[in-house]
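Asker: Below you'll find the structure I mean.
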Amino acid sequence: MENVPPAAAPEAVDAVKLQAEAAAARAQAAEYLDGWKRAKADYLNLKRESQEQSWQQAKFAVRSFAATLWTDYYGNVLPAFQHIPPAQAALPWVDGLMNGIKQFEAILKKLGFEPVAPAVGSAFDPIQQEAVESVAIPGGTPNSVAAVLRPGLRSTDDGALIVPAQVKVAR
């Protein structure tokens, strides 16, 4: 008789086939898991970027609103105090108006803003200040602040200048 190799047992063939299928399934599952992890990381990054963008938009809107209030309201009311006759300075309506301005400043402070005014005589800084007028001051230092017409407005969060101070500059 010829030597015929014994036929592999059907259980052994099925076990090898099952092991190969299991290995392929594990590889595919690992690939799916990696893809899911990447998708989750991408989603979390997008969510974080979206929240940051929303925060930046809200911050811009609040700063724009504060700048408008500062320049349109405060910029017009504050100079009015310079024109109150001395005889009327002690009247109740003047105190009421001053209290209104103090409340306005307190609200801006709660929102994260503070007024900034350069000292008279300090060097003019075109980044922080807006020169409204150039005035001759005998004995004064050229390019120095001669008068502050309206204080500037700064964010207390990051120190960003929102509105520059309006000043008169000595020549």
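Asker: Quote the relative contact order of the chain in percent (integer), defining contacts as alpha-carbon pairs under 8 Å separated by 6+ residues.
Answerer: 18 percent
Asker: Can you give the net charge of the other residues whose Cβ lies under 15 Å from the Cβ of Lys109, counting K and R as +1 and D and E as -1?
Answerer: Working: positive: Arg63, Lys102, Lys110, Arg154; negative: Glu105, Glu114, Asp157.
Local net charge: +1.
Asker: Kindly identify the stretch 76-125 as rounded, prolate or oblate by the Cα gyration tensor criterion: order the square roots of the eigenvalues as a ≥ b ≥ c, call it rounded if a/c is under 1.5, otherwise compare a/b with b/c, prolate if a/b is larger, else oblate.
Answerer: oblate
Asker: Follow-up. Pairs on different chains or at least eight residues apart, Cα atoms closer than 16 Å: how many lysine pairs in the stretch 24-168 fit?
Answerer: Count of close lysine pairs: 4.
Asker: Given the peptides 147-154, 98-105, arrange them by the average over their residues of other C-beta atoms within 10 Å, most packed first.
Answerer: With the highest mean Cβ count within 10 Å placed first, the list reads 147-154, 98-105.
Asker: Pick the calculated Cα Rg over 2.2 N^0.38 Å for this structure from (1) 1.23; (2) 2.35; (3) 1.77?
Answerer: Checked against the structure: label (2).
Asker: Could you pull the accessible area for Trp93 with a 1.4 Å probe, rounded to 10 Å²?
Answerer: 130 Å²
Asker: Also, quick follow-up: So what is the calculated 222 nm ellipticity per residue for the chain, using -39500 (n - 2.57) for each DSSP H run with n of 4 or more, over all residues, to the nearest 500 deg cm²/dmol? Don't skip to the answer; put the middle values down first.
Answerer: Working: 3 runs with 86 residues, N = 171.
Counting only the DSSP helices, I get -18000 deg cm²/dmol.
The values are calculated or read from the model by the stated rules, or taken from the named source; none is laboratory data. Here the structure is a predicted model, which means the values were calculated and not measured. A quick note on method: Cβ atoms are made from the backbone with ideal geometry, for glycine too, and the neighbour counts reach across all protein chains shown. SASA here: full protein model, heavy atoms, side chains in, ligands and nucleic acids out. Shrake-Rupley method; radii C 1.70, N 1.55, O 1.52, S 1.80 Å.
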